[in-house]
1. Let's test the formula: R0 of 35 Å, r as the Cβ-Cβ distance of Phe311 and Glu450. What FRET efficiency results, to the nearest 0.05?
2. Take every DSSP beta bridge with both residues inside segment 382-462 and express the antiparallel ones as a percent of the total, to the nearest 5.
3. Points 7 angstrom from Cα along the Cβ direction at Ile257 and Ser361: gap in nanometres?
4. I want to verify the translational diffusion coefficient of segment 128-235 in µm²/s; compute it with Stokes-Einstein, Rh as the Kirkwood radius over Cα pairs, at 37 °C and 0.692 mPa s.
5. Sorting check: for 321-327, 293-299, 405-411, 432-438, which peptide has the highest mean count of neighbouring beta carbons within 10 Å, and how do the rest follow?
6. To the nearest Å, what is the center-to-center distance of segment 289-362 and segment 54-90, using C-alpha atoms only?
7. Which whole-Hz couplings ³J(HN,Hα) result when phi for each residue of segment 58-69 is put into the Karplus expression 6.51 cos²θ - 1.76 cosθ + 1.60, θ = phi - 60°, listed in order with x for Gly and Pro?
8. Of Lys39/Lys400; Lys405/Lys439; Lys3/Lys172; Lys45/Lys400; Lys121/Lys295, which sit over 23 Å apart, Cα to Cα?
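Each reported figure results from applying straightforward, stated rules to the coordinates on display, with no laboratory input. Predicted, not measured: the structure shown is a model, and the values here were computed from it. Cβ placement follows ideal geometry from the backbone for every residue including glycine, while neighbour counts extend to all protein chains displayed.
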Amino acid sequence: MRKLLVPGIFLVEALFVYFVLTERYPISGDDYSYLYQAKLFASGKLYAEDPLYNADLPLYDCVETYCLRDNQGHRFSKYPPGWPALLAVGVKLRAPWLVDPLLGALLVFLILQYTEQRMGKDLLRGTGLLLMFCFFLCYYAGSFRAHIATAVFVFGAFLVYDAAERHPQPSKLWPFIAGALLGYSAMIRYIDWVPLAAWIGLSLLWRKRFADLMLFGIGFGLLASGNLVYNALLSGDPFCVPAALHRSSESINDRLIISWNGFVVTLIRLANLLWVFPPLLLLVAFWRRYRPSSKIKMYLALFSMNVAIYFFYPASIGGPGPRYLLAYFPFLVLAVVDLYQWICQHPSPAARRLWNFAIVSLIVCSLTFAAKEGYTMYWRRDLERTVRQIRDGKNIVLLKTGTYKTVRGDLTRNPPVLSSADNLYFSWCDQPKRDALLKQFPGRNIFVYEYPGNLKRLSSVF
């Protein structure tokens, strides 16, 4: 019963994030970019078309939108196609907001299922507490971002491979399926597959199971190569990812590099990890007395490899919370669950008190996380609330500023077909560029927005 109750509660929490905390507003430019591409896929298109979607235009500074790419009149997401393709199913069903919460509930169910089968039914209660009270997980399950979906496919690949290892005569399809699941995860996020693929590949190679290794590689290659096909359809070059189109040569965004800044960024990510998941400190406190098994060390090694991979991406900390570490977060939960088993079997009441304190800390940190992000989202939606003052007509809103912790380029969010929108959003730019832009939309009312809540109408001569 608990295996269904906990995912059900988690689903409700994720829907709370979407409908109450964010009020159905895309949390960031990443969310908007994924949803934008999903709408295109659902309509049978790879990209939107408009003469303004050209990065070489003089007025491009006015129309540029973060996390989208414009190339020769085509606009599309800068991210790989795997997650928008899943979201497109929700778009077709008119409920894209339900896809991530359902995947989050599925992830929770899979973790509980694995805990019961491989670690013991008596640990379901502790596992459920860790998952229900970790608002970091719920927050991303209530978004349009790709991290939960990646975690589902990575953990699914692990479960399939683990089942094959435990079965006396496993089907040859199992390593193929494990590879295919990891391959699709590469179509969602480019590098999160690396730790588990390396572990599985080296394990099979060490035991000279070359046939299984080949099947695993074929399954991975068949799905992961979808990125190459997608890239070729967008730009004609299979090895040019969308994010690389018209990217500044000085920018380190969307690049893997070796930098001293990687150490600082990694330390901040780990600090954020302790902030959103304080029970992790118990592993540090009891490490010598606890003596984890080789299986638990493997969980921690996979998570550590995930941390190491993102060392090479120092462009962003990846907040709120350590979202770049979310794909392997289930393995960290399993390691803490095993420690919980040791604490339950330990005669010391101090150890149990520390566990209870860790759970209370998790609840307090999660409530603080929720309050902080609720405050951020309220002020981030200042533009949306302010524009509601406009009663009718077709309008253009020129953004002189962004909103709270949100830059202008993250708010110039327009639908694929510009003429279909009552309100269009562009950045305030130099007078000649602005005049050239406004000539493209005659008859619209022109407004200028400044944070917070300042909206002024301009007279238009176009």
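1. Numbers: r = 39 Å, r/R0 = 1.12.
Efficiency, from the Cβ-Cβ distance: 0.35.
2. Values: 6 of 16 bridges.
Given both bridge residues lie in segment 382-462, the antiparallel proportion sits at roughly 40 percent.
3. Label-label distance for Ile257 and Ser361, simple model: 3.6 nm.
4. Working: Rh = 14.9 Å.
For the chosen part, D equals 220 µm²/s.
5. Numbers: 321-327: 25.1, 293-299: 14.4, 405-411: 19.0, 432-438: 17.1.
So the order, starting with the most tightly packed, is 321-327, 405-411, 432-438, 293-299.
6. 37 Å
7. Running phi through 6.51 cos²θ - 1.76 cosθ + 1.60 with θ = phi - 60° gives x, 8, 4, 4, 6, 10, 4, 10, 4, 6, 10, 10 Hz.
8. Values: Lys39/Lys400 28 Å; Lys405/Lys439 31 Å; Lys3/Lys172 30 Å; Lys45/Lys400 32 Å; Lys121/Lys295 18 Å.
Where the Cα-Cα span goes over 23 Å, the pairs concerned are Lys39/Lys400; Lys405/Lys439; Lys3/Lys172; Lys45/Lys400.
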